[in-house]
Amino acid sequence: MLDASPLPLVRVRDLKMHFPIYAGLLRRRAGEVKAVDGVSFDIMPGETLGLVGESGCGKSTVGRALLRLYTPTAGSVVIDGEDVATLSPEALRKKRPTMQMVFQDPQASLNPRMTLAAIISEPLDEHTDWSGERKLDRVHELMDQVGLNRAFANRYPHEFSGGQRQRIGIARALALNPKFIVCDEPIAALDVSIQAQVVNLLEDLQERLGLTYLFISHDLSMVRHIADRVAVMYLGQIAELSPRDDLYARPLHPYAQALLSAVPEPDPVREATRKRIILTGDVPSPANPPAGCNFCTRCPKVFDRCRVEEPRLAEVEAGRFVACHLYGDTNKTAG
Amino acid sequence: MPDGALPVLDVRGLKTVFRTRGGEVHAVNSVSFMLRPGELLGVVGESGSGKSVTMMSLIGLLPSPPAEVRAGQVMLGDRDLLKIGPRALQDVRGAKVGFVFQDPMTSLNPVFTVGSQIMEPLMRHMGMNRAEARKRATELLALVGIPDAQKRLKAYPHQFSGGMRQRVMIAIALACDPDVLIADEPTTALDVTIQAQIIELVKDLRQKLGMAIIWITHDLGVIAGIADRVMVMYGGQVVEQAPVAELFADPRHPYTRALLKTIPSLTGERGARLQVIEGQPPIMTAEPVACPFRARCAHAFARCEAENPQRRAVDDRPVGLGHDVACHWSPEGV
C-alpha cells in the first residue's frame, strides 16, 4: 500500500470502532461490540474503492468513522493531509466541506419539511457567507449537474421518486465541492432499472469533478462495475483487498471466494452448472468474535493454526492484500 | 414437469384495483397464468409492477377496502377461489396454499414461540392434537435444516437469525403439505451467502415434496438459478412469459431486453457504462388503453399509444404454455 507514487487522498491505519455494551442494574460496561477492528487501506485521488460485505460486517461503520460521524476508538484517518480522527471540533468543522456522504435511504436522509432548494443549500448556509442569490445560483447549478429540473426547486422530497431523491442527496453532497465522498449503499433502496441511472450519474460526476469515492455496497456485481479496487470485509476486518479484475477473476481469501460464488447470475445455463461454495451457519457476534481468524467458524479450508493465531492483512501478490494463513509466510506457495 | 398435466392453479383475467383518496389505482390488469404440478414459476418485476398484489389477490390476503378484486377466475383444482367466500378461503390458506413473505421478522409473531406458530396450522387445518402437532413441528424444523429442532421449538423468533427465521417461515408454509407455495421475495432481506443457503434448501425441498412454487423476485439472477418458467410483469400486466432458458436466451419484450442489459455481470465483459432504462415506472391510475411501457421504450411507435398489446405466442405453442409476449414490436421487425 505504501509503494504507489502519488500520495493517497485517504489513508486509514488500524481503524477501530468499538461500541460499549452496558448491562445489569447499574448499567455497567459489560463488554463491547467490535464493529470495526483494525482496518487499514488507502484511497488514491480519483479512485473508487469498493467496500463489500454482508450486513453487520462493519462496512457502514467504516464509512461513518472515516467522516468522523463516529469518533473512532483507535487508529488514524488521514484525509487530504489531516488526521480526521483526532481533529478538534472547530478544525473538524472546517474540514467537513472536503468530505461528504451519500446515504442509503433517500427517504430518511432528506427532511420532509424542507424544500429541495433548502435541502441542497443547507451545507452552503452552514459553511459559506454567500448571499441568498448566489446560493440559489449554486443550487440551480447543482440541480443541473445531477439531472434535476430547476423548476422543481420549491418542491418537497415526497413529490419525487426514489431515484430522484437519491439525486437530491447527491446534489447536497456536492454543494461544497468535496474531494472525497462516502457512498453508503446509495442504490440499495432503488429498483434495478433506476440503479443504473444513479450509478452512471456518480461515474459522470467523478469524471467531471475529479471525485474520490468509497463505495459501500453489498451488491457485488455493481461494485465490479464501479470500483477500481475492492475491499471485502468480514466481521469488522478486511479479509481481502485487491484490484477489481484480480478479485473477480480469482478471489484469494476463502470468504471472498464463498461470497462471489453465492451471487446468483442472470444466466440459466451457467447457473445450472455452477459449483457453489455454501457456507454453513451464521456470522458470529462481533461482541464475541472467535479466537484466531474471525472466519474460522465457517471457513471450508480451516486448519489448526486458524483457530489460534489471527492472520494479518499482508500483500501476497502485487497489489493484493489478504488476511489468511493459507497465504502466510510459512507456506508462500499455497493458493 | 410433465407438459400435459392439468394445472394446479389456473388464473384468468385477474383485475385488482385499489381505491384511494386520489382515485383508483389499477394494480393488476387482466393477468392470466397457470402453474403445473411440481413447477417453479418465477415472477419478475420492479416495485409497483403488481407481482405481489397479483399473488395476494389469489388467496384474499389484501385488505378490502381499499383493495378490490374486480374480475377474474382463480381455479385451484376445481374450485374458484374468488367465489368460495372468506370461510372456505381460510381453509385454503395455509392448507392448500402456503405463503412465505419477504421479511421473516415482521411476518412471525414475536410473542409466540416458533413451535406454537408451526403447530397452529397443523391443529387448525389437519385436526391434529397438541402432541401430534408438536411431533410434526419437530420434523418440519429438522426438514428445513434447523439443528436441535426439539429444543428450538420453545424459542422465540428474535432468538433466530434472519436466515433461520426464513427457514421457520418455510416450515410453517409447508406444514400442511400445500399444493402451491407462494414465496414473495423470500431472500431479498437476506445476505447473499444466506440467500444461497435458502435457495439450496428450496431446491432440496422441491425434490423431496414436489409442490408447485411461485417465486416472486426482482432479482433475475435468483430466477435464472431456480425457475422452470418465468413471467415478467410491468405496470400490472404480464409482458412476457417463457421457459427460463428461452427467456434469457431470446428475450422478446423491450422491457425484458433492457432489464437484462441494465444489470452488471460478475463475469465476462465489463461495460464502460451501464445501459439505462430512462424514466420511471408508471402508476396506473386508469385501466390501460396503451402499452404501459411505451414512454420508456426504445421501439415505441404509433400503435403502442393507440392500443394496449395483448399477449401473443412467439411460436406455435399456445399463449401461456410456450413463449409469449405482449408487444406490438418484434426483434425481427414489426
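Bear in mind these aren't lab numbers, they're just calculated from the coordinates by the rules spelled out. Just so you know, these numbers come straight off a predicted model, no measurement behind them. Every residue, glycine among them, receives a Cβ derived from its backbone with ideal geometry; neighbour counts consider all protein chains shown.
Observations on the structure shown:
- The single condition from (1) part of a loop (DSSP other than H, G, I, E, B); (2) crowded, with 20+ Cβ neighbours inside 10 Å that B:ALA155 fails is (2).
- Qualifying residue in region B:217-234 (condition: assigned to a helix (DSSP H, G or I), touching a residue at least 40 places away in the same chain (Cβ under 8 Å), of a type in the set (Asp, Glu) and surrounded by fewer than 22 Cβ atoms within 10 Å (Cβ to Cβ)): no
- Test: residue in region B:74-88 that is surrounded by fewer than 16 Cβ atoms within 10 Å (Cβ to Cβ), in a helix (DSSP H, G or I) and of a type in the set (A, V, I, L, M, F, W, C): yes
- Test: residue in region B:280-289 that is aliphatic (A, V, I, L, M), within 14 Å of chain A (Cβ to nearest Cβ), in contact (Cβ under 8 Å) with a residue 60 or more places away in the chain and part of a loop (DSSP other than H, G, I, E, B): yes
- Looking only at region B:128-147, and only at residues there that are away from chain A (no Cβ under 13 Å) and in a loop (DSSP other than H, G, I, E, B), the one that is nearest to the chain's Cα centre (by Cα): B:VAL144
- Extreme residue, surrounded by the most Cβ atoms within 10 Å (Cβ to Cβ), among residues of region B:248-270 that are assigned to a helix (DSSP H, G or I) and more than 7 Å from every other protein chain (Cβ to nearest Cβ): B:TYR255
- Here B:THR54 meets the list (1) β-branched (Val, Ile, Thr); (2) in a strand (DSSP E or B); (3) in contact with a Ser or Thr (Cβ under 8 Å, 6 or more places away or on another chain) almost entirely, failing just condition (2).
- Residue among B:CYS297, B:CYS304, B:CYS327 that alone is in contact with a Cys (Cβ under 6 Å, 6 or more places away or on another chain) and of a type outside the set (Lys, Arg): B:CYS304
- Candidates A:ARG298, A:ARG274, A:ARG320, filtered to the one that is within 14 Å of chain B (Cβ to nearest Cβ) and either of a type in the set (A, V, I, L, M) or surrounded by 14 or more Cβ atoms within 10 Å (Cβ to Cβ) (or both): A:ARG298
- Flag if A:PRO286 is closer than 22 Å to B:GLY271 by Cβ, more than 8 Å from chain B (Cβ to nearest Cβ) and assigned to a loop (DSSP other than H, G, I, E, B): no
- Matching residues in region B:190-211 - criterion: being within 17 Å of B:ALA175 (Cβ to Cβ) and away from every other protein chain (no Cβ under 14 Å): B:LEU205, B:ARG206, B:LYS208, B:LEU209, B:GLY210, B:MET211
- Qualifying residue in region A:181-193 (condition: of a type in the set (Val, Ile, Thr), in contact (Cβ under 8 Å) with a residue 60 or more places away in the chain, in contact with a Cys (Cβ under 9 Å, 6 or more places away or on another chain) and more than 8 Å from every other protein chain (Cβ to nearest Cβ)): no
- The condition of being outside any helix (DSSP H, G or I), away from chain B (no Cβ under 14 Å) and in contact with a Cys (Cβ under 8 Å, 6 or more places away or on another chain) holds for only one of A:LEU214, A:LEU241, that being A:LEU214.
- Among the residues of region A:68-97, just one is in contact (Cβ under 8 Å) with a residue 40 or more places away in the chain, surrounded by fewer than 17 Cβ atoms within 10 Å (Cβ to Cβ) and of a type in the set (S, T, N, Q), namely A:SER76.
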